[in-house]
């Protein structure tokens, strides 16, 4: 490898690494300082471990958080990985269309997902499903109660399933089939090949995404807030929310909880490095290949029905409930005596003063933010997978900061950090872009490195031996091979930015308002019929942008 | 009989005094107040940043009407729930960089906290003379809207003859498990708790709790839950919330409780160190003027503390209401913690 090539490459990776370390480290430092201070940010004079000692009173909440996180991660992984395998690797009918449909629940914010399920399964005739089942089967009691621990796990699991799906499908697509072929030649059936060969090969993607989902489920707020509040069911994050925006704020304890949760997931990252470190996952080598689509025969219709069942439960029901709500003159779950109107959509599109501006700002930030995030994440992922060093291990742990610290706490850290910075961006739209990149870098890095794990390093080495520059290697070898993974990662970050609320709601102003804040505003100060209408418009916009992006990418104009 | 209405009469008398300009306080304010000069100074700044907890739509409308009067001021706002707004403002104050000019906040206790901590800029306008003493801390903050707290019920599931007519009715066994309230993060619910407790006795809320009432988050969610049938009675709502649902012909009816109406007050103030202090003064001067108050009553459907402003649509004149005025707004503001603990133990039903 020529010195010049290695030199420019190392400068790029090191600069990116330091930049990202600063972006995620600076707010963390502010939070650590805050956690050692008094209840208010102005109390910085009295440093001490007060807030950490207070954490021991909240251990019961940690148990609730763990139950919800473990339960929803298992549900999300089971659904997400199975769906990805069926749609990427079997000849199930209409796989292409279904692939777009199964991620639709992810278009909705967690809050709206919870609202959809509250409309369906509120424990009386007020829940649409309960009301239907009670009248069909003459039941005395409502069969479902979504205002429960199980309800929270169910809705969270469904919410995170598309997340796991997007992670695994990239890895399943960039997999050379020769190992699976060997298994089959040696007499392994479809099922045994899948369990013994395919699944272990996409283990990095599975572990990477399950760790992310677990940590995100620990840090989630919207679902337990909507479904737990009336029954007094608290998790760590709903308590943190009270500590920050409740009647008696204590930023110190909130910051300490965030820092403690980060320490907790740093442990998870360390475990993951240990598990993955001992094996090799290279399946994409120099030989040409196309991932084999397995002919499952008549069984494909069984698989198809299972996917459709998922689509009905996870997509049609909650979206249908929201659509029904958005078409009512005022909120009602009485589907036997419904009055339909387009008044809510008319109001949101033509009368609500914020919709157009929020739509414009959101698209600008989400397209720009996802692209910048992916550029940085691509470089970091390459460094994590190809160049193991002290710096890369530090990056691997640090990029968990924005994921592991619950959004509402990390946002306070971002606020404390950037309000003091000499950059004149506070109060402008650029502060939002900066925060989105900071918050979603981990998603990008994890999603890209999941695919990069599988590409044989010898491909890059060959190119460099014959005189290619690193830039040529990236453009000629890595980008084409990583394309499915990159597309999935961009989608993931794009959707996540559109849905981001915690940081947006602290840092926006009326000129930089985004859709997630506009929806939340309606949630706070308006009827559910308007909330549902704007949330569905938001989902439609996500769908259209992704559709257009796929067309462009397929036409080869990008990548 | 009702301290507020008596004081209101005094206010009217004060208004009469204004005509002959006998009050020393007033003549002082008048001599030092030069609106034309203020308008020029505000024009030079050309901008105003409003920190507020008013819902987006109404907030935008208020700024629009201010801009109609003073089109050379480009307004923008940061609006959020009281807690989020406080989190941002606390951080700005701690960093010594305040980006907002004018503050309006639903949580009265927190608002008063900023006044005590010296975060507000003093400003006197002759308009403040029209506000009686319990509605202001002269020059520091002034209440610009008064929201009556009401009851609403589903007219589909509750017949008019069975409907609640008073706060006492919420303890009636026929409403067992059918009433919702707001959770402890609501500043309005705190005012409601304090005032009703003062007039109906310390056991009142315990009785409402044993009658199975449940706290939800936000007046709109509580009303939605009455429409879907999860509950039949909203035990804490506002005229403007009911009106927005009535506009859509929702089967809701409002009750002005015959045992008295608690009120929530919303003060406004100028933030110390904000970027546009003169535009801030001009905005506060406008919002407290009769002209500004007519706009506020029209947009918010709340009462004005000014005697010379009209009543909101669909509600009787203020003097006809039996207002449950708190013995002290100061101790109401200081009751946050006690309220939070009692409320959570009473109305968050454990699984």
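The values are calculated or read from the model by the stated rules, or taken from the named source; none is laboratory data. All of these numbers come straight from a predicted model, not from anything done at the bench. Cβ sites come from the backbone with ideal geometry, for glycine too, and all protein chains shown count toward neighbours.
A few points about this structure:
- Test: residue in region A:433-452 that is in contact (Cβ under 8 Å) with a residue 60 or more places away in the chain and within 14 Å of chain B (Cβ to nearest Cβ): yes
- Residue match in region A:503-525 (condition: farther than 21 Å from residue A:429 by Cβ and more than 13 Å from every other protein chain (Cβ to nearest Cβ)): no
- Region B:172-188, residues that are under 18 Å from residue B:325 (Cβ atoms) and either surrounded by fewer than 22 Cβ atoms within 10 Å (Cβ to Cβ) or in contact with a strand residue (DSSP E or B) (Cβ under 6 Å, 6 or more places away or on another chain) (or both): B:188
- Among the residues examined, residue B:191 does not qualify as more than 14 Å from every other protein chain (Cβ to nearest Cβ), in a helix (DSSP H, G or I) and either buried (at least 19 other Cβ atoms within 10 Å of the Cβ) or on the phi < 0 side of the Ramachandran plot (or both).
- Applying the criterion of being over 27 Å from the mean Cα position of the chain (by Cα) and surrounded by fewer than 15 Cβ atoms within 10 Å (Cβ to Cβ) to the residues of region A:2-41, the residue that is modelled with the highest pLDDT is A:11.
- Flag if residue A:171 is closer than 30 Å to residue A:240 by Cβ and buried (at least 21 other Cβ atoms within 10 Å of the Cβ): no
- Residue in region A:526-536 that is farthest from the other protein chains (Cβ to nearest Cβ), counting only those that are in a helix (DSSP H, G or I) and closer than 16 Å to residue B:224 by Cα: A:533
- Listed by position, the helices (runs of 4 or more DSSP H) enclosed by region A:168-268 that each have at least 2 residues that are within 14 Å of chain B (Cβ to nearest Cβ) and closer than 30 Å to residue A:82 by Cβ are A:222-228.
- Of the set (1) over 26 Å from residue A:217 (Cβ atoms); (2) assigned to a helix (DSSP H, G or I), all apply to residue A:139 but (2).
- Where strands (runs of 3 or more DSSP E) sit wholly within region B:198-260, those with at least 2 residues that are more than 12 Å from chain A (Cβ to nearest Cβ) and touching a strand residue (DSSP E or B) at 6+ places or on another chain (Cβ under 7 Å) occupy B:233-238, B:252-255.
- The lone exception for residue B:165 - which of (1) more than 11 Å from every other protein chain (Cβ to nearest Cβ); (2) at pLDDT below 95; (3) surrounded by fewer than 18 Cβ atoms within 10 Å (Cβ to Cβ) it fails: (2)
Let's see how each residue does on (1) crowded, with 23+ Cβ neighbours inside 10 Å; (2) not in a loop (DSSP other than H, G, I, E, B):
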residue	(1), (2)
B:293	yes, yes
B:298	no, yes
B:310	no, no
B:342	no, yes
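- Qualifying positions in region B:106-130 - under 21 Å from the mean Cα position of the chain (by Cα), within 12 Å of chain A (Cβ to nearest Cβ) and either farther than 28 Å from residue B:217 by Cβ or modelled with pLDDT under 95 (or both): B:106, B:107, B:108, B:109, B:110, B:113, B:114
- Counted residues, region B:70-105 - those being over 18 Å from residue A:503 (Cβ atoms), surrounded by 18 or more Cβ atoms within 10 Å (Cβ to Cβ) and more than 7 Å from chain A (Cβ to nearest Cβ): 10
- From the options B:22, B:81, residue that is more than 28 Å from residue B:185 (Cβ to Cβ) and either modelled with pLDDT under 95 or not assigned by TED's automatic domain parsing to the domain that holds residue B:293 (or both): B:22
- Qualifying positions in region A:330-352 - surrounded by 16 or more Cβ atoms within 10 Å (Cβ to Cβ) and in a loop (DSSP other than H, G, I, E, B): A:330, A:331, A:332, A:333, A:334, A:352
- Tally, over region B:152-171, of residues that are out of contact with any strand residue (DSSP E or B) (no Cβ under 7 Å at 6 or more places or on another chain) and part of a helix (DSSP H, G or I): 6
- Of all residues making up region B:42-61, the number that are touching a helix residue (DSSP H, G or I) at 6+ places or on another chain (Cβ under 8 Å), surrounded by fewer than 16 Cβ atoms within 10 Å (Cβ to Cβ) and away from chain A (no Cβ under 14 Å): 2
- Filtering region B:312-340 to residues that are within 14 Å of another protein chain (Cβ to nearest Cβ) and part of a helix (DSSP H, G or I) leaves B:332, B:333, B:336, B:337, B:338, B:339, B:340.
- Failed item in (1) crowded, with 18+ Cβ neighbours inside 10 Å; (2) within 14 Å of chain B (Cβ to nearest Cβ), with residue A:148 passing the rest: (1)
- For residue A:392, the conditions (1) more than 13 Å from every other protein chain (Cβ to nearest Cβ); (2) modelled with pLDDT of 90 or more all hold with the exception of (2).
- Scope region B:93-110; condition out of contact with any helix residue (DSSP H, G or I) (no Cβ under 8 Å at 6 or more places or on another chain) and under 29 Å from residue B:189 (Cβ atoms); matching residues: B:104
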